[in-house]
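The values are calculated or read from the model by the stated rules, or taken from the named source; none is laboratory data. Computed from a predicted model, the values in this text were never measured in an experiment. Every residue, glycine as well, gets a Cβ built from its backbone with ideal geometry; the counts of neighbours run over all protein chains shown.
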Ligand SMILES: NC(=O)c1ccc[n+]([C@@H]2O[C@H](COP(=O)([O-])OP(=O)(O)OC[C@H]3O[C@@H](n4cnc5c(N)ncnc54)[C@H](OP(=O)(O)O)[C@@H]3O)[C@@H](O)[C@H]2O)c1
């Protein structure tokens, strides 16, 4: 396997095999012919971060976000590379991401998920791989495997529960052993949901206790709200393979369940949240499953996950953080100001559920995304204007008891409600890159206070860090909207 290290100012001697691989003559390449004899992470990795899949719609936005922190004095990001299977697309992405400035001279590395040795070579040279190659159920596993084998850290923007849980089952033990931290869902899926429920939970001061948190996501824009095909394809494949997730869960030992006071009620299929004027329907996104994984991890580790080399102060900070969080039933809904908006979400869900089951149905869904998603997804993705004008609001409606001891008394109804909100810019290409890059910066800066290794959801790893503060500095806000007690009249 040849490793290609492409910069814009090097020599022009390229092997025919490599040209063939890329299908064109790039401006200039340097070629390093070392075959990565040792696939273990070097003690002094060349790169802090490699963005894999950087030529994709999301990948190019991740480059743009990462460049904001590259070689800035306060930032730990000093060496960045981008990687993928097509050099011309990668260099175009770099050019786009750096615009209007000329592209910086950062290395462009060859890596294909069908070529495990190219991934092992990447993983041996970097502290962290940020994986933007999706759908993850198709392409993600070899990347996780390479990172876990070498001992480098891995973050991704996956929103596919089956992939995340399968990686945990297959690679957790080895990741612990090799000191590789593998954290999926470090994007809009599912960090706002994770940090959001924790923020809501922390507003309840004892003896008050929260028993249910229902999150309502509402997407807003004065232009069209559009996602790229990559996300749509991942959603279609997730639905098509929903039975595999059930099989996986049945096949592995039961995870510990958190103790939650009070019961969760199913409620109607569509509900109206009058406090914020939204109609909503259940959203089968990854968020609820990711939150449940964090809760389950917390049930096993009441004080969170110990860091690899934590100071006393860091231990105290972590334990204090988790002492303020109490498990609650969690659900996710998608909301709209208009009932018709909710009907539109349901229709898209029904199309995906119905057509996603057969090969021909999936072909139709993926070849005519605008038709079957009623305009929510487009092959070419959103325009820059559409990205810039979109925002999200995620409301967390916490219901509970003014006194936790009341929760276990018969059929007592919750008598207290706290509503909080997380709000930010467009979800897929502004919020997601921002979250992913901030998670990477935390890993670079605070690796000693984080677990040595393992496959975890983002909440349990990043909850006690300064991720929320960092997101607030980057345009994502966390607010308390209302607190009220409810008097139930008994007649
Ligand atoms: N968490 C979130 O909220 C969130 C937000 C946005 C996106 N996502 C997820 O991110 C993923 C990517 O979405 P997208 O819209 O950016 O898709 P995309 O535009 O199709 O990009 C896919 C990327 O993967 C690369 N790739 C595909 N096959 C590869 C292989 N065999 N080896 C190496 N690279 C390969 C592509 O490279 P080429 O350029 O060479 O084709 C491209 O760079 C999806 O799974 C999506 O669900 C999640």
request  = Quickly run through the range 356-396 and pick out the residues that are in a strand (DSSP E or B), out of contact with any helix residue (DSSP H, G or I) (no Cβ under 8 Å at 6 or more places or on another chain) and surrounded by fewer than 21 Cβ atoms within 10 Å (Cβ to Cβ).
outcome  = 391, 393
ask   = Just a yes or no: is a residue in the range 66-84 closer than 19 Å to residue 138 by Cβ, in a loop (DSSP other than H, G, I, E, B) and either within 22 Å of the chain's Cα centre (by Cα) or within 11 Å of the ligand (Cβ to nearest atom) (or both)?
value = no
ask   = For the range 321-343, how many residues meet the condition of being in a helix (DSSP H, G or I) and either free of Cβ contacts under 8 Å to residues at least 24 places away in the same chain or surrounded by fewer than 16 Cβ atoms within 10 Å (Cβ to Cβ) (or both)?
value = 4
key: Scan of the range 54-65 for residues that are under 17 Å from residue 128 (Cα atoms) and near the ligand (Cβ under 6 Å from one of its atoms), ordered by number   = 59
query = What do you reckon, is residue 375 within 22 Å of the chain's Cα centre (by Cα), on the phi > 0 side of the Ramachandran plot and in the same structural domain as residue 229 (by TED's automatic domain parsing)?
reply = no
key: Check on residue 88, out of contact with any helix residue (DSSP H, G or I) (no Cβ under 8 Å at 6 or more places or on another chain), more than 23 Å from residue 452 (Cβ to Cβ) and not in a strand (DSSP E or B)   = no
query = residue 225: within 16 Å of the ligand (Cβ to nearest atom), within 27 Å of residue 213 (Cα to Cα) and at pLDDT 90 or above, yes or no?
reply = yes
ask   = How many of the residues in the range 103-122 are within 12 Å of the ligand (Cβ to nearest atom), within 14 Å of residue 81 (Cα to Cα) and in a loop (DSSP other than H, G, I, E, B)?
value = 1
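Of all residues in the range 199-234, how many are under 24 Å from the mean Cα position of the chain (by Cα) and over 30 Å from residue 403 (Cβ atoms)?
16
Being part of a loop (DSSP other than H, G, I, E, B) and more than 16 Å from the ligand (Cβ to nearest atom) is the filter here; which residues of the range 412-458 pass it? Before the answer, list the steps.
As a first pass, look at the range 412-458 and keep what is part of a loop (DSSP other than H, G, I, E, B): 412-415, 426, 450-453, 457.
Across the range 412-458, the qualifying residues are 412, 413, 414, 415, 450, 451, 452, 453.
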